[in-house]
1. Criterion first (of a type in the set (A, V, I, L, M) and at pLDDT 95 or above) does Ala188 satisfy it?
2. Inside the stretch 152-177, can you point out the residues that are touching a Gly at 6+ places or on another chain (Cβ under 9 Å), within 13 Å of the ligand (Cβ to nearest atom) and not hydroxyl-bearing (Ser, Thr, Tyr)?
3. As an exercise: evaluate Ile266 against (1) out of contact with any Gly (no Cβ under 9 Å at 6 or more places or on another chain); (2) away from the ligand (no atom under 16 Å from the Cβ) and give the number of the one condition it does not meet.
4. In the list Ala285, Ala272, which residue meets the criterion of being within 16 Å of the ligand (Cβ to nearest atom) and buried (at least 22 other Cβ atoms within 10 Å of the Cβ)?
5. Kindly check whether there is at least one residue in the stretch 245-252 that is of a type in the set (D, E, K, R), out of contact with any helix residue (DSSP H, G or I) (no Cβ under 6 Å at 6 or more places or on another chain) and touching a residue at least 12 places away in the same chain (Cβ under 8 Å).
6. With Val110, Val34 as the choices, which residue is in contact with a strand residue (DSSP E or B) (Cβ under 7 Å, 6 or more places away or on another chain), modelled with pLDDT of 95 or more, among the aliphatic types (A, V, I, L, M) and surrounded by fewer than 14 Cβ atoms within 10 Å (Cβ to Cβ)?
7. If you check every pair at least six apart or on different chains, which have Cβ atoms under 7 Å apart with a residue in the stretch 129-155 that is assigned to a helix (DSSP H, G or I) first and a residue that is within 14 Å of the ligand (Cβ to nearest atom) second?
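The values are calculated or read from the model by the stated rules, or taken from the named source; none is laboratory data. Since the model is a prediction, treat every value here as computed from it, not as a measurement. In this analysis, Cβ positions are derived from the backbone assuming ideal geometry, glycine residues included, and neighbour counts consider all displayed protein chains.
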Amino acid sequence: MSSSATPAWYDAGRQHVWLPYTQMKTAAPALPVVRAEGVRLQLADGRQLIDGISSWWSVVHGYRHPHIEQAVRAQLETLPHVMLGGLAHEQAYTLATRLAALLPDPLNHVFFTDSGSVGVEVAMKMATQYWLNAGKRRTRFVCFRGGYHGDTFATMSVCDPDEGMHSLFKGSLIEQVVVDLPRSDEAAAALESMIAREADSIAAIIVEPLVQGAGGMVFHDAAVLERLQRVARTHDLLLIFDEVFVGLGRLGGMFACAMTGVVPDIVVLSKALTGGTLPLAATIASRRVYDGFLSDRGDAALMHGPTYMGNALACAAANASLDLFEREPRLERAQAIGRQLEQALAPARAIPGVVDVRTRGAIGVIQLDRAVPGERVTRFAAERGVWLRPFRDIVYTTPPLIIGEDDLAQVAEVAVAAVREIAG
Ligand SMILES: *Cc1c(COP(=O)(O)O)cnc(C)c1O
C-alpha cells in the first residue's frame, strides 16, 4: 500500500506503534480501519472487509450494535468510571448478579478485572491463596499441552511450554505440571497416579474446556472434563475453567460448564463479555472458594485490585450484551453458523496438505500439515473482501454470531480458496 493511499495518522504512528506478536522488521503493514458496523470493517482506502475473526473472538453481536452503543453512551453521561474500592455502582453490581444467575449454582462470586490474562492471574491467585488461607502451601498447577491462558508471567507458566508463543521464556517461568489432556480412561488413570505423588504441592487443575483456542482450535469432549473433575475430587484439587474464549455464546451455548454439566470451582470469562466493545474480565468463584477467604483476620482477604476493575462503561456494555443474548436468537444463530460452516468448509478436505476440517459451535477450522503462511492468506482474503488471520497450522473463522448466510458463505469460500492457493 503506498503512503499516499494511507491517512497521515497512520504514516506517523507506524514509526511508534509496536504491534502484537509481530516481527516489526519484516511484517506486512497493518490495514488502517476507519469504521466498523455489523460484520464489516471499513478500511481507509474505502474497501470493506467481512470480519471472519471477530477481533480475536470478542465481537459476538457485530460491531456497534445499537443496544450496546446506547448503553455505553448513557453510562458515559452519568458515571464512566469509579474505583471499586469502597465505592459501588449499579452496572458492576447488576452484572455480578446476572453472571451469578446465569452460571451453574455454586459459581456465585464475581471478581472483575480488565483482560483475560489478568482474569486468569486472579483465578491462579485465588486458588493459591485459598490453600494458604487453609494453612497449606499448594502453589503449583496442573495444565495441558496445547493450552493457552494468557501472556503475563503466571499465565505463561500454564501455557504449553514447548509449542506456542512462550517457549523462549521457559527457564524464567514457574515450572508447572504439564500433561496431555486425558482423552481416555487409561490416560486419566496415569494422570491420577502422577498427581497422587504431587498432590500436596498442587493448588488446581486449569483447562480451557471443550476447545483449546490459541493452541490451534483443538477440540475435546465433555468426558475429558468429567475425568478432570474426578481427578480433582479424588485429590482435593480445585478445578479452573478458562472460558475466556469459549464462554458467552461461541459454542452455541452460554458457557462450557453449563453445556457439559461439569461445574468447576472457578470460571474465567473475558473476550466476548462486552461484545468486543470494551476490555473486561470476570473471575467467578464457587461458594467453597469464596468461603475460604472469610475470616476475622485481615490478611485472608483476596489480595488483588486493579485500578480499573469493574469499569462502569465496560460493565454497561456487558449488561447490554447479556440483554442481547436474552432478546435475540444469538445461540441458535451460533449453532446454525456451525452447520453452515460444516458444509461450506468440507471441500477443503480434498486439498493436498489439509489434514483436518472441523467445526464446533461457531468455529470453523481447516488444519494443514505445516505452518500456514499467515500474511499470504490474510492478503489473499483481504483482496476478496474478507478478514482472516491464520496462525500455526490452521486457517479458521470465528465470525460474529450475527453474520448472515451470504456473508458467511463468502467467508468460508474465501477460506477454502486461500487454502487451495497456498497448497498449489
Ligand atoms: C485470549 C485468551 C486469554 C487471554 O486474554 P487476554 O484478554 O488476551 O489477556 C486467556 N485464555 C484464553 C483461553 C484465551 O483465549
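1. Considered against the rule, which asks whether it is of a type in the set (A, V, I, L, M) and at pLDDT 95 or above, Ala188 comes out as no.
2. Listed by number, the residues that qualify are Met156, Val158, Cys159, Asp160, Gly164.
3. That leaves (2) as the condition not met.
4. Ala272
5. yes
6. Val34
7. Here the result reads Ala154/Glu121; Ala154/Met124; Thr155/Ser117; Thr155/Val120; Thr155/Glu121; Thr155/His149, each pair linking the stretch 129-155 to a residue that is within 14 Å of the ligand (Cβ to nearest atom).
Let's see how each residue does on (1) in contact (Cβ under 8 Å) with a residue 12 or more places away in the chain; (2) within 10 Å of Gly147 (Cα to Cα); (3) out of contact with any His (no Cβ under 8 Å at 6 or more places or on another chain):
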{"residue": "Val178", "(1), (2), (3)": "yes, yes, yes"}
{"residue": "Asp185", "(1), (2), (3)": "yes, no, yes"}
{"residue": "Ala189", "(1), (2), (3)": "no, no, yes"}
{"residue": "Ala204", "(1), (2), (3)": "yes, no, yes"}
{"residue": "Glu208", "(1), (2), (3)": "yes, yes, no"}
{"residue": "Gly213", "(1), (2), (3)": "yes, yes, yes"}
{"residue": "Ala223", "(1), (2), (3)": "no, no, yes"}
